[in-house]
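Enquirer: Just passing along the structure, written as structure tokens.
The values are calculated or read from the model by the stated rules, or taken from the named source; none is laboratory data. As the structure is a computational prediction, the values presented were derived from the model and not from experiment. Cβ placement follows ideal geometry from the backbone for every residue including glycine, while neighbour counts extend to all protein chains displayed.
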């Protein structure tokens, strides 16, 4: 020990080198007594000059790690050099800091039983490593969830397609198709979530600044969920405060996306009670409004310990939520980031078992009718124009641009159909008749040029279908390129309503002989083919086949219902009605579907014969009226 102390006293040569260095230098004996440390302990650990001299190094090591540290320290006393020994050292403020030392053994050179410890602060490195590990685990969990979420609907679709190939009856077909549609919708949600998050995190998501009517947005939004809410017998209500019922400038598509996510979650996790959606003005300054939106439900709620992580990527309240309700765990992450991208804030309050309230604020500037894309002034002569019965296929991948063009076309009473890319457009053109196609150029999957080339290659009269290109490139060369691909005309973006009208009038056909009664002008009273059309992607041949099958099966179902009612076979009646329900959904017999639900429930109970018979009679009457309309369509 005396030799080591003398070494330290005469150590002017090494003190000059290490005293002002950023690394912490300790000189310790083999037993751990500290004989010297430089001034860096002040900056990193908080101790004053020479304040640790005479203390034992081991006394400052995190107690739970002391045995393993002493073992590594002992190894250092046997080696000339030792590297990268990690430990946690007690700081002046009583916290522990991660350090790492490289040691020089003085015994080999000086025959002194002591070590020079060159220590570095590795707290940030440890933090980064922990964060990397956490991110890696989150990624692994995400990939596991995504794999499960994608495989589940794909397996379901594959299995149901196999069943469809086995010539099922009409009711089974309806049930299988309904399930396939549901699985496909789930897949789209998953893929959209992934793409949205990627766009946001890469900084590629651009927000629109356009005028929109808040009341129109809310009406459309609530109508989207009315059927789902009624299916679960949940009261879905909304209130738009008078001061918020105005035109604002912002991004309506992203606001709609936020609310869609929150309402969809509320419906998913609510089994009874209500969901309330509200919009109020929290703050107003001349033309600047701070709007507060609220989605409140009476669902299962969120545990208090999960509220802090509910907005994190790939996170749900617990693993059982994913298993029971599905989802990627990205929805609320996207919601939070979309709110913050628009300079807003979001928060959640929840009482487990009683419901949750998500509220967020976004600032908007007050706008006017003139700010709404596609708006026509009250005195505009275009409001008096009409392109009634002109069938237009709008092919556009951008939600805002699609909404803009559709809104204008509605003013002129056009029959509008839309497709988000060239591939979808091509399939629709094969199965439907259109007067003109508005074709965007840059789209995913299949762009406008490829789609036009494919249309022109069709072996029917549809290959001559007029196509107007929609392009942001207004140069002469771009126009010539569109024409060279077989397009009939070119409309540069952004275009005015006048521009669009002038182009369309060049392709308007006289008469409407090709318009089928099947696509009638709302004359149908008892049936609604919208669901069947959407599910079949407007495949008229398929729709005709389903109508024919329905016409054949329904009289038999009516006969069974009447027979079981007369013989008071209530369980058999309930089964017959239950078997019928998918067909009613498929054919859009909404009133009959409601009646069937009531009758099935009453028949299962079998308590009130008079009431059962009354509802049975009413259901048969509704089915008979629907049959009359269907026969007119066939």
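Enquirer: It is to be established whether one or more residues within region 285-308 are assigned to a helix (DSSP H, G or I) and free of Cβ contacts under 8 Å to residues at least 40 places away in the same chain.
Expert: Taking every residue of region 285-308 in turn, at least one turns out to be assigned to a helix (DSSP H, G or I) and free of Cβ contacts under 8 Å to residues at least 40 places away in the same chain.
Each row is one residue, and each column tells you yes or no for (1) part of a helix (DSSP H, G or I); (2) buried (at least 20 other Cβ atoms within 10 Å of the Cβ); (3) modelled with pLDDT under 85.
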{"position": "577", "(1), (2), (3)": "yes, yes, no"}
{"position": "598", "(1), (2), (3)": "yes, no, no"}
{"position": "613", "(1), (2), (3)": "yes, no, no"}
{"position": "616", "(1), (2), (3)": "yes, yes, no"}
{"position": "623", "(1), (2), (3)": "yes, yes, no"}
{"position": "629", "(1), (2), (3)": "yes, no, yes"}
{"position": "632", "(1), (2), (3)": "yes, no, yes"}
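Enquirer: Let me confirm something: among 219, 271, 215, which residue is free of Cβ contacts under 8 Å to residues at least 60 places away in the same chain and in a loop (DSSP other than H, G, I, E, B)?
Expert: It is 271.
Enquirer: Conditions: (1) outside any strand (DSSP E or B); (2) touching a helix residue (DSSP H, G or I) at 6+ places or on another chain (Cβ under 8 Å); (3) modelled with pLDDT of 70 or more. Residue 360 meets all but one. Number of the miss?
Expert: Only one criterion in (1) outside any strand (DSSP E or B); (2) touching a helix residue (DSSP H, G or I) at 6+ places or on another chain (Cβ under 8 Å); (3) modelled with pLDDT of 70 or more is unmet by residue 360, namely (1).
Enquirer: While we're on this one: Quick check, is residue 465 over 16 Å from residue 409 (Cα atoms) and surrounded by fewer than 16 Cβ atoms within 10 Å (Cβ to Cβ)?
Expert: Taking the combined requirement at face value, the residue does not satisfy it.
A quick yes/no check of all residues on (1) in a loop (DSSP other than H, G, I, E, B); (2) at pLDDT 85 or above:
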position: 402; (1), (2): no, no
position: 416; (1), (2): no, yes
position: 430; (1), (2): no, yes
position: 438; (1), (2): no, yes
position: 446; (1), (2): yes, yes
position: 451; (1), (2): no, yes
position: 455; (1), (2): no, yes
position: 470; (1), (2): no, yes
position: 473; (1), (2): yes, no
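Enquirer: Follow-up. Against the conditions (1) over 30 Å from residue 184 (Cβ atoms); (2) at pLDDT 85 or above, where does residue 525 fall short? Just the number, please.
Expert: (2)
Enquirer: Being loosely packed, with under 12 Cβ neighbours inside 10 Å and modelled with pLDDT of 90 or more is the filter here, so list the residues in region 34-53 that pass it.
Expert: None - no residue of region 34-53 is loosely packed, with under 12 Cβ neighbours inside 10 Å and modelled with pLDDT of 90 or more, so the list stays empty.
Enquirer: Is it true that residue 286 is surrounded by fewer than 18 Cβ atoms within 10 Å (Cβ to Cβ), farther than 17 Å from residue 222 by Cβ and in contact with a helix residue (DSSP H, G or I) (Cβ under 7 Å, 6 or more places away or on another chain)?
Expert: Against the criterion (surrounded by fewer than 18 Cβ atoms within 10 Å (Cβ to Cβ), farther than 17 Å from residue 222 by Cβ and in contact with a helix residue (DSSP H, G or I) (Cβ under 7 Å, 6 or more places away or on another chain)), residue 286 does not qualify.
Enquirer: Could you go through region 85-106 and let me know if any residue there is assigned to a helix (DSSP H, G or I) and in contact with a helix residue (DSSP H, G or I) (Cβ under 9 Å, 6 or more places away or on another chain).
Expert: Filtering region 85-106 for residues assigned to a helix (DSSP H, G or I) gives 106.
So of that shortlist, the ones also in contact with a helix residue (DSSP H, G or I) (Cβ under 9 Å, 6 or more places away or on another chain) come out as 106.
Yes, there is a match, as at least one residue in region 85-106 is assigned to a helix (DSSP H, G or I) and in contact with a helix residue (DSSP H, G or I) (Cβ under 9 Å, 6 or more places away or on another chain).
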